[in-house]
Amino acid sequence: MENSEKTELVLLACGSFNPITNMHLRLFELAKDYMNGTGKYKVIKGIISPVGDAYKKKGLISAHHRVFMAQLATKNSEWVEVDTWESLQKEWVETAKVLRHHQEKLEASSCGNEQGSPVLERPGRKRKWAEQRQDFSQKKSLEPKTKGVPKVKLLCGADLLESFGVPNLWKSEDITQIVRDYGLICITRAGNDAQKFIYESDVLWKYQNNIHLVNEWITNDISSTKIRQALRRGQSIRYLVPDLVQEYIEKHDLYTSESEERNVGVILAPLQRNMAEANS
């Protein structure tokens, strides 16, 4: 298939990134290789969208730190960037709305009316959003044209896919919208039950052609939870997170026993909202 016939994709990863790890970055590379390898798609950008503080997850530190660590982690990436829009919202934003926000940005951009997300200014940060967009546009103009407006797809791990089955964590209409209108690229491991989970869900089964399961053959068990645990115990996290992220964590003493108790006893924002709506 020629380049002109391929659909351009933007991979969007939502989550806590508390902190961002090397595994988070690997998800993008695995997904890009897989989708480009189908011959139907061309991945042009990856977006990391840290959740806002209003998510109220246990141990969730300030979005200010989580966003900046993600920016450090992607500093040398040519195609993955951090978007601040979700993290700056005063209230928790459903994933379906975040997907819609980025798809509308792409559509507006194609019409020449794009409005950029705000940028958190930090000392020493050289790349502004406008500069990134300008550089990106210049590179893009040199490449063969592809069909239509780029499409946003949600990039995730198997745990997010399986969380669709947790009562009150997701609205059924949001799940439908995500898999029907956008689609999932789910990184899974050999022996994982992701395919079985799709089979057992009527909605996921109906839109299974829009769910791409990518096997992670070189397994990696790094998780933010394990990183925080190691830090609380005074253990090294080198080679588990980018060096700049490790330095930032140590400089600001971010993950401690005290920080892990943040939001203890507080109901997670989606559970609180969805249970309230169900009872109203």
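The values are calculated or read from the model by the stated rules, or taken from the named source; none is laboratory data. Keep in mind the model is a prediction, meaning the values are calculated, not measured. Glycine gets a Cβ as well: all are built from the backbone with ideal geometry, and neighbour counts include every protein chain shown. To get the accessible areas, we keep the full protein, side chains included, count just its heavy atoms, and leave off ligands, DNA and RNA. Shrake-Rupley method; radii C 1.70, N 1.55, O 1.52, S 1.80 Å.
Just a few scattered comments:
- Cleavage-rule hits (trypsin sites (Lys or Arg not before Pro)) in region 214-278: DSSP loop, at most 11 neighbouring Cβ within 10 angstrom: 233
- Each Lys or Arg adds one and each Asp or Glu takes one away; over the other residues whose Cβ falls under 15 Å from the Cβ of residue 193, this sums to -2.
- Residue 272 versus residue 233: modelled label distance in nm, points set 7 Å from Cα along the beta carbon direction: 3.2
- Under 5 Å between amide hydrogens, built in the peptide plane, is the criterion, and for residue 213 it picks out 186 among residues at least 5 positions away or on other chains.
- Rounded to the nearest 10 Å², the accessible area of residue 41 at probe 1.4 Å: 40
- Computed from the C-beta positions of residue 75 and residue 193 and an R0 of 41 Å, the FRET efficiency is 0.70 to the nearest 0.05.
- FRET efficiency for the pair residue 64 and residue 5, taken as 1/(1 + (r/R0)^6) with r the Cβ-Cβ distance and R0 = 25 Å, rounds to 0.05.
- Relative contact order of the chain, defined on C-alpha pairs under 8 angstrom at six or more residues apart (%): 27
- Per residue, the accessible area of the chain comes to 53 Å² when a 1.4 Å probe rolls over the protein heavy atoms.
- Of all accessible heavy-atom area on the chain, the percent that carbon and sulfur account for (1.4 Å): 48
- Rounded to whole Hz, the Karplus (6.51, -1.76, 1.60) HN-Hα couplings of region 21-36, x for glycine and proline: 10, 5, 5, 4, 5, 5, 4, 5, 5, 4, 5, 4, 4, 5, 5, 5
- Above-threshold pairs, the threshold being 18 Å between Cα atoms, out of 45/105; 58/153; 45/206; 6/45; 90/153: 58/153; 45/206; 90/153
- Formal net charge of residues neighbouring residue 268 (Cβ-Cβ distance under 11 Å; K, R +1; D, E -1): +4
- Extending 7 Å from Cα along the Cβ direction at residue 206 and again at residue 219 yields two label points whose distance is 3.5 nm.
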